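Q: If you scroll down you'll find the structure; I have some questions about it.
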Amino acid sequence: MNTLPSGSLARSPGEPLNVLWLQSGGCGGCSMSLLCADTPDLPGTLRDAGIHLLWHPSLSLETGADVIALMEDVLADRLRLDVLCIEGALLRGPNGTGRFHMLAGTGLPMIDWVQRLSAKARFVAAVGSCAAWGGITAGGDNPTEACGLQHEDEHPGGLLGEAFRSPGRTEAGAEWPVINIAGCPTHPGWVLDTLMALAADALTPADLDALGRPRFYADQLVHHGCTRNEYYEFKASAEQPSDLGCMMEHMGCKGTQAHADCNTRLWNGEGSCTRGGYACISCTEPGFQAPGHAFHATPKIAGIPIGLPTDMPKAWYVALASLSKSATPKRVKHNATADHVVVPPAIRRTRLK
């Protein structure tokens, strides 16, 4: 994908959105997820949406000197940069030098390039939880000093600092924090919808939640649309991974707390973690990589899960759970701890007469 002539650095109506995608410390999973976007022609989808990919490490032909020249053109104001997308955590080690991750052929740490390019971009987007909060890369003792672009777990700061703002659409007069398209990996639809909204000038800072995530997916819960919701309602719980029941009570599922639309915007058009029999580990949230307990276990106090559904007081949950379990139909109770439907729904007339 060749670069366009820069022309004026101010984006004119009808001009494509120039996007530069760089990878820092991570596994590349968000790029692999992007390749699974629900389209047979990703470059065509981007082009039709008015998005021009200046460079992507996996999707572009340019390498080495060509890429360095492209970035130098951005820094010298010869090439307009509308969106800087960063995938992977920012590696500040050792001792703040950034030399754990040098950009080949430049003699400079990646964090230096990210800081300089961020100052030129109209929008800066963290693609995935590593770039947003530090993610898996920042787990454990974090010997690489990994962090997110504007957060270190839930704490504001990160590489660019809490006060960082990008100009966004200069005519709108709004300043933008880093746009955190969080997830591990992030859903391809979240990335494409964000870029498309920016290309159409249809996204505003008010469309981001308190953690900088686009609200079109962050205002939802993984719980919404979960196929196990009937089991959740009756507190009929799975006891092992193959069971059909709700995974919240015993299996560590955080779908009632995790901000994402995974069960209403399915992955690859048909799946989600919970539909595949895996508990939601809340991968869109800061600190998910170190929950303080095994991912497959639900920590409890006096038999009550510590992680209750969002906005539900503990007393309400205890009362609801007690009533629900006492009213659980035999069908739901038996199927919850089986790997297939053992008791089918009863056949009854649904008409009035």
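Q: If the Cβ limit is 8 Å and pairs must be 6+ apart or interchain, which residue in the stretch 98-116 that is within 16 Å of V67 (Cα to Cα) pairs with which residue that is open to solvent by 60 Å² or more (accessible area, probe 1.4 Å) and charged (D, E, K, R)?
A: Between residues of the stretch 98-116 that are within 16 Å of V67 (Cα to Cα) and residues that are open to solvent by 60 Å² or more (accessible area, probe 1.4 Å) and charged (D, E, K, R), the close pairs are P109/R99.
Q: Okay, next question. Of the conditions (1) in contact (Cβ under 8 Å) with a residue 40 or more places away in the chain; (2) under 17 Å from the mean Cα position of the chain (by Cα), S237 fails just one. Which one is it?
A: Looking at each condition in turn, S237 falls short on (2).
Q: For the condition touching a Lys or Arg at 6+ places or on another chain (Cβ under 7 Å), within 24 Å of Y217 (Cα to Cα) and open to solvent by 10 Å² or more (accessible area, probe 1.4 Å), what is the one hit in P177, P156?
A: Of the residues listed, the single one that is touching a Lys or Arg at 6+ places or on another chain (Cβ under 7 Å), within 24 Å of Y217 (Cα to Cα) and open to solvent by 10 Å² or more (accessible area, probe 1.4 Å) is P177.
Q: Quick one: P205 ticks every box in (1) touching a residue at least 60 places away in the same chain (Cβ under 8 Å); (2) in contact with a strand residue (DSSP E or B) (Cβ under 6 Å, 6 or more places away or on another chain); (3) surrounded by fewer than 18 Cβ atoms within 10 Å (Cβ to Cβ); (4) not charged (D, E, K, R) bar one, so which box is it?
A: Only one criterion in (1) touching a residue at least 60 places away in the same chain (Cβ under 8 Å); (2) in contact with a strand residue (DSSP E or B) (Cβ under 6 Å, 6 or more places away or on another chain); (3) surrounded by fewer than 18 Cβ atoms within 10 Å (Cβ to Cβ); (4) not charged (D, E, K, R) is unmet by P205, namely (1).
Q: OK, next. I'd like to verify a number: residues in the stretch 258-284 that are in contact with a Lys or Arg (Cβ under 8 Å, 6 or more places away or on another chain) and open to solvent by 30 Å² or more (accessible area, probe 1.4 Å), how many?
A: 3
Q: If you don't mind, another one. Going by the conditions given, is G64 exposed (fewer than 15 other Cβ atoms within 10 Å of the Cβ) and small (G, A, S)?
A: Yes, satisfied.
Q: Quick check on the stretch 110-130. Is at least one of its residues open to solvent by 10 Å² or more (accessible area, probe 1.4 Å) and farther than 26 Å from E175 by Cβ?
A: No.
Q: Take the stretch 292-309 and flag every residue that is assigned to a loop (DSSP other than H, G, I, E, B), in contact (Cβ under 8 Å) with a residue 12 or more places away in the chain and open to solvent by 30 Å² or more (accessible area, probe 1.4 Å).
A: H293, A294, F295, H296, A297
Q: Turning to a different aspect of this structure: Considering every residue within the stretch 155-173, establish whether at least one is over 13 Å from G88 (Cβ atoms), among the aromatic types (F, W, Y) and part of a strand (DSSP E or B).
A: no
Q: Going by what's in this entry, would A202 be described as in a loop (DSSP other than H, G, I, E, B), over 12 Å from the mean Cα position of the chain (by Cα) and more than 16 Å from T274 (Cα to Cα)?
A: yes
Q: Just checking, does the stretch 121-133 include any residue being touching a strand residue (DSSP E or B) at 6+ places or on another chain (Cβ under 8 Å), under 23 Å from G29 (Cα atoms), in a loop (DSSP other than H, G, I, E, B) and basic (K, R)?
A: Looking through the stretch 121-133, none of the residues is touching a strand residue (DSSP E or B) at 6+ places or on another chain (Cβ under 8 Å), under 23 Å from G29 (Cα atoms), in a loop (DSSP other than H, G, I, E, B) and basic (K, R).
Q: If only one of E239, E230 is under 25 Å from L320 (Cα atoms) and surrounded by fewer than 15 Cβ atoms within 10 Å (Cβ to Cβ), which one is it?
A: Only one candidate qualifies: E239.
The values are calculated or read from the model by the stated rules, or taken from the named source; none is laboratory data. Just so you know, these numbers come straight off a predicted model, no measurement behind them. Positions of Cβ are backbone-derived with ideal geometry, glycine not excepted, and every protein chain shown enters the neighbour counts. Side chains included, ligands, DNA and RNA excluded: accessible areas come from the protein's heavy atoms. Shrake-Rupley method; radii C 1.70, N 1.55, O 1.52, S 1.80 Å.
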